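Nothing in this text is a laboratory measurement; each read-out follows from the coordinates by a stated rule. The structure presented is a predicted model; accordingly, all values stated were derived computationally and were not measured. FYI the Cβ positions are ideal-geometry reconstructions off the backbone, even for glycines, and counts take in every protein chain you see.
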Amino acid sequence: MPVRLLAPIIFSLAAAVPAAWEEKEPPAQEYEYGADASQKLDLWRGRGKSAPVILYIHGGGWSQGDKEHDALQKAAHYGQMGYAFASMNYRLVPQATVEQQVADVASAIAWLRAQSRPLGINKGRIILMGHSAGAHLAALVATDPVYLKNAGLSMKAIAGVVLLDGAAYHVPSQLGVGNADMQRLRSIAFGGDVARQMRLSPVSHAARPNAGPFLLLHVNNPSTIAQSRGLAALLRKAGTKVTIDMIPNSDHMRLNRHLGDEGDRATELVDQFLATAVP
């Protein structure tokens, strides 16, 4: 399986990475988890031969973004805690459908489990983490069992889920929110078929079975508050363990970009969640 070292670290990001981590840890390696050119992930190894692993799904309105964006700081922080960290690419709209994107997440989980021994990770301790559209994809694969089943897995393949200011947990109510560019991106991703929109809404699948537990973090924005609270309420109704919290004095991008910073409230909450989800 092809492997390459990542390109040199962007200087603006490198300044934020703890020097001790840089000196002790090898750079990430890129792996292919599928045949498509977009089906690749970067993996930073954890400690020991059976480390828990976080699989990070980037945002970008389902049509843009890259696995290298905002990944290094997270990899450094969780690497210091002993976790392996994987950041994945997936096929993008409009060349691919949202359904195919969720299938890519399931395929990446299946690949990590299949390669767990040579990668030094514990296949029973995989945490999904997604931001924005990536949080939607994480929530959908963790609530609708079809995608993991098609990859030969059950909901037990996901040990926990971290959703960072997610979008479109209930797709129809999200389509008209935000500026014209965001509305256009959502329209391209989800189309005008309300039945399909609801199939792609995690709230439609929040009844059992679900992966779990879930941590939902959001900023002080009416839309993301409503989306997060709505999903959390349905998950709890189904008996799924849920923690939800608002991050004050933040915004949609800041919440994600500062994850891993010392003293950051969102980082503290994620660290506490991980300590109980994958002890």
Residue check, Arg196 over 24 Å from Ser50 (Cβ atoms) and basic (Lys, Arg): yes
Test: Ile188 is among the β-branched types (Val, Ile, Thr) and buried (at least 24 other Cβ atoms within 10 Å of the Cβ): no
Cβ pairs under 6 Å, 6+ apart, first in region 185-208 and more than 16 Å from Val93 (Cα to Cα), second among the aliphatic types (A, V, I, L, M) and buried (at least 20 other Cβ atoms within 10 Å of the Cβ): Ser201/Val171; Pro202/Ala139; Pro202/Leu140; Pro202/Leu231; Val203/Leu231; Val203/Leu234; Ala206/Leu234; Ala206/Leu235
Contacts under 8 angstrom Cβ, first residue in region 64-90 being in contact (Cβ under 8 Å) with a residue 60 or more places away in the chain, partner among the polar types (S, T, N, Q) and surrounded by fewer than 24 Cβ atoms within 10 Å (Cβ to Cβ), 6 or more apart: His77/Thr267
Filter result for Gly230 (among the small types (Gly, Ala, Ser) and closer than 21 Å to Ile109 by Cα): no
Sole residue being in contact with a Leu (Cβ under 7 Å, 6 or more places away or on another chain) and either of a type outside the set (S, T, N, Q) or surrounded by fewer than 22 Cβ atoms within 10 Å (Cβ to Cβ) (or both), chosen from Val270, Val194, Val177, Val278: Val270
Filtered residues of region 237-257 (kept if in contact (Cβ under 8 Å) with a residue 12 or more places away in the chain, assigned to a loop (DSSP other than H, G, I, E, B) and farther than 24 Å from Val203 by Cα): Pro248, Ser250
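Could you please find all residues in region 25-50 being in contact with a helix residue (DSSP H, G or I) (Cβ under 9 Å, 6 or more places away or on another chain) and either of a type in the set (Gly, Ala, Ser) or farther than 25 Å from Gln100 by Cα (or both)?
Within region 25-50, Glu25, Ala28, Gly34, Ser38, Trp44, Arg45, Gly46, Arg47, Lys49, Ser50 qualify.
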Residue ID - nearest to the chain's Cα centre (by Cα), chosen from residues in region 164-176 that are of a type outside the set (Gly, Ala, Ser) and over 14 Å from Ser201 (Cβ atoms): Leu164
Selection within region 113-135 - buried (at least 24 other Cβ atoms within 10 Å of the Cβ) and either basic (Lys, Arg) or touching a strand residue (DSSP E or B) at 6+ places or on another chain (Cβ under 7 Å) (or both): Ile121, Ile126, Ile127, Leu128, Met129, Gly130, His131, Gly134, Ala135
Check on Leu200, surrounded by fewer than 21 Cβ atoms within 10 Å (Cβ to Cβ) and over 15 Å from the mean Cα position of the chain (by Cα): no
